[in-house]
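Engineer: Starting off with a structure, shown below.
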Amino acid sequence: MILITSILATGSQANSLPDLGSPDLVEYDTQTEKELGRAFTSTLHTHYNLYSDLETNAYIRELGHKLASHTGNNRNYSFYIINDTSINAFAGPDGVIGIHTGLINATETEDELAAVIAHEISHVTQNHLSRRYEYSSTQGSLNSIASLIAAILIGMHDPSAGMATLMGGMGYNLQQQLKNSRLHESEADAIGIDLLHKSGYNPHAMGDFFGRLAKASQLDTFQVPEILRTHPVSENRLAEAENRAQNLSMVQKDKPESYLSYIKMRLKKDQSSLLEYNPQKITQNKSEACYQKTLESINTKKRVPNCIKNENDKPQSLPLFTTALIESYTTSNKKLSSQELEYLDKLVEFKLELHPNNPSIPIRYSRYLEQAGEIEKAIKILKNAESKLTYRYSLYKTLAELYAQTKQESYVYLNLAKAYLEIGSVERSEYFTKRTKETIKDNNNTIKHEITLLENKLNKLLKNKDKSTDE
Ligand SMILES: [Zn+2]
């Protein structure tokens, strides 16, 4: 978690990791952690306002998994964005990491954003959550415990609706347990700074970001960012972070081009403050100015600017230029010439080969095709992408919508069952699997095979779920 309260710590600590005992001393086993992670993911999707923008999610996930790949352990990580202007991030059970849109907005560089994500990843590698939280002493079903954890982590700091009053004694106990200790914070900083450095980011960014937030919040005490509440920033903590970063070699690895500036434009677009946006305040390069212009054309459903086509002609253009072009074709309702269609087809094919794990390309293209009345082709594009993606929830939801238009009822249900399984909503997935079975018309072996696969996965999850609830 990342809140900053301005607490001045006393005493000095050596520039080494605080002794917290072995990270293996966890309060619950892997099976329970997996089950909690599943229920937590389901809660995030059903009770919170997740930010579903395809490009922003692709960006955060790429950044998150890149950092996680340098941890040296092969744990599961998944990254979700909460549509919430408070500056916050958290690490939930089983490597589920949440980033608030407010945090993305508050970071000035990709290094700072990477710093916060690296800090959260380090809470996971060190098992901080499971070490703080006494699972055995908490009563209630797994789902209700997961909901409570989510409510606490995502931040219900409004005193009138505090968890303690809302949930009674158990909520209060859990809230006390989940408070990040200062030792955990400094450990997550230290490991996070090393992770930043290993991944080619500026190791000073951790101290810079927390320091800047803490300073800003001292000027405006009514606006203490959530992240500072859960992540007390002390002078000592900042000094430690600075020391640690100093000691790392300055040799920087090749860093990929940062595209945080584009992502921030997307956030602005969705918060419909684009019109208040004053380009004079920010120096933009040509590509950024073009992206801005394209987003405006999408917002106002106006015609596609020529510059976005030129951007796509550059050999290493970012995938978000391709999806911006597709999106502006979709919203402008432009009827494409056969030449333009051929160009778009080739562009998408090329980009899919370069970025097979980026769901924004096939999904945006399928929406364009849907609007152009080419539903079958839209379905085909998504089905081809399915096996290459790590995050498939949006893909299955889009497929369900497309099948609804072709009136293939059982395929609508099948894809909803798959979508809910993706986010750990076992009961909903079970329901839609049943509906799929009930609506199969002819002797369709392909769909029967898919149902068997789904049922096997569901049975396994249900078995584990019963086990954890019994404990
Ligand atoms: Zn933290």
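The values are calculated or read from the model by the stated rules, or taken from the named source; none is laboratory data. Predicted model only: the values in this text are computed from it and were never measured. Positions of Cβ are backbone-derived with ideal geometry, glycine not excepted, and every protein chain shown enters the neighbour counts. Surface areas here come from the heavy atoms of the whole protein model, side chains and all, with no ligands, DNA or RNA. Shrake-Rupley method; radii C 1.70, N 1.55, O 1.52, S 1.80 Å.
Engineer: Going through segment 323-377 one residue at a time, which ones are small (Gly, Ala, Ser) and in contact with a helix residue (DSSP H, G or I) (Cβ under 6 Å, 6 or more places away or on another chain)? Don't jump to the end; show me each part of the working.
Structural biologist: First, the residues of segment 323-377 that are small (Gly, Ala, Ser): 324, 328, 332, 337-338, 360, 366, 372-373.
Listed by number, the residues that qualify are ALA324, SER328, SER360, SER366.
Engineer: Within segment 346-382, can you find the residues that are of a type in the set (Lys, Arg) and surrounded by 13 or more Cβ atoms within 10 Å (Cβ to Cβ)?
Structural biologist: Once the filter is applied, which keeps residues that are of a type in the set (Lys, Arg) and surrounded by 13 or more Cβ atoms within 10 Å (Cβ to Cβ), segment 346-382 yields LYS351, ARG364, ARG367, LYS377, LYS380.
Engineer: Let me ask you something else. Suppose we filter LEU341, LEU320 for residues that are hydrophobic (A, V, I, L, M, F, W, C) and modelled with pLDDT under 95; which single one remains?
Structural biologist: LEU341
Engineer: Are any residues in segment 298-345 more than 27 Å from the chain's Cα centre (by Cα) and of a type in the set (Gly, Ala, Ser), and if so, which ones?
Structural biologist: Answer for segment 298-345, where residues must be more than 27 Å from the chain's Cα centre (by Cα) and of a type in the set (Gly, Ala, Ser): SER332, SER337, SER338.
Engineer: Is one or more of the residues making up segment 183-201 assigned by TED's automatic domain parsing to the domain that holds THR125, away from the ligand (no atom under 14 Å from the Cβ) and either at pLDDT below 85 or open to solvent by 60 Å² or more (accessible area, probe 1.4 Å) (or both)?
Structural biologist: Start the filter on segment 183-201 by keeping residues that are assigned by TED's automatic domain parsing to the domain that holds THR125, which leaves 183-201.
With away from the ligand (no atom under 14 Å from the Cβ) added as a condition, the list becomes 194, 196-201.
So of that shortlist, the ones also either at pLDDT below 85 or open to solvent by 60 Å² or more (accessible area, probe 1.4 Å) (or both) come out as 198.
Checked segment 183-201: at least one residue is assigned by TED's automatic domain parsing to the domain that holds THR125, away from the ligand (no atom under 14 Å from the Cβ) and either at pLDDT below 85 or open to solvent by 60 Å² or more (accessible area, probe 1.4 Å) (or both).
Engineer: Turning to a different aspect of this structure: Look through segment 295-318, keep the residues that are touching an Asp or Glu at 6+ places or on another chain (Cβ under 8 Å) and in contact (Cβ under 8 Å) with a residue 12 or more places away in the chain, and return whichever of them is farthest from LEU54 (Cα to Cα).
Structural biologist: So, considering only residues that are touching an Asp or Glu at 6+ places or on another chain (Cβ under 8 Å) and in contact (Cβ under 8 Å) with a residue 12 or more places away in the chain, the one farthest from LEU54 (Cα to Cα) is LYS302.
Engineer: While we're on this one: For residues that are open to solvent by 90 Å² or more (accessible area, probe 1.4 Å) and assigned to a helix (DSSP H, G or I), scanning just segment 307-320, find the one that is farthest from ASN285 (Cα to Cα).
Structural biologist: ASP313
Engineer: While we're here: Return the residues of segment 62-82 that are within 26 Å of LEU142 (Cβ to Cβ) and in contact (Cβ under 8 Å) with a residue 12 or more places away in the chain; say none if nothing qualifies.
Structural biologist: GLY64, ALA68, ASN73, ARG75, ASN76, TYR77, SER78, PHE79, TYR80, ILE81, ILE82
Results for (1) modelled with pLDDT under 70; (2) away from the ligand (no atom under 16 Å from the Cβ), shown as yes or no for each residue.
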site: HIS231; (1), (2): yes, no
site: SER234; (1), (2): no, no
site: ALA239; (1), (2): no, yes
site: ASN243; (1), (2): no, yes
site: VAL251; (1), (2): yes, yes
site: PRO256; (1), (2): yes, yes
site: TYR259; (1), (2): no, yes
site: MET265; (1), (2): no, yes
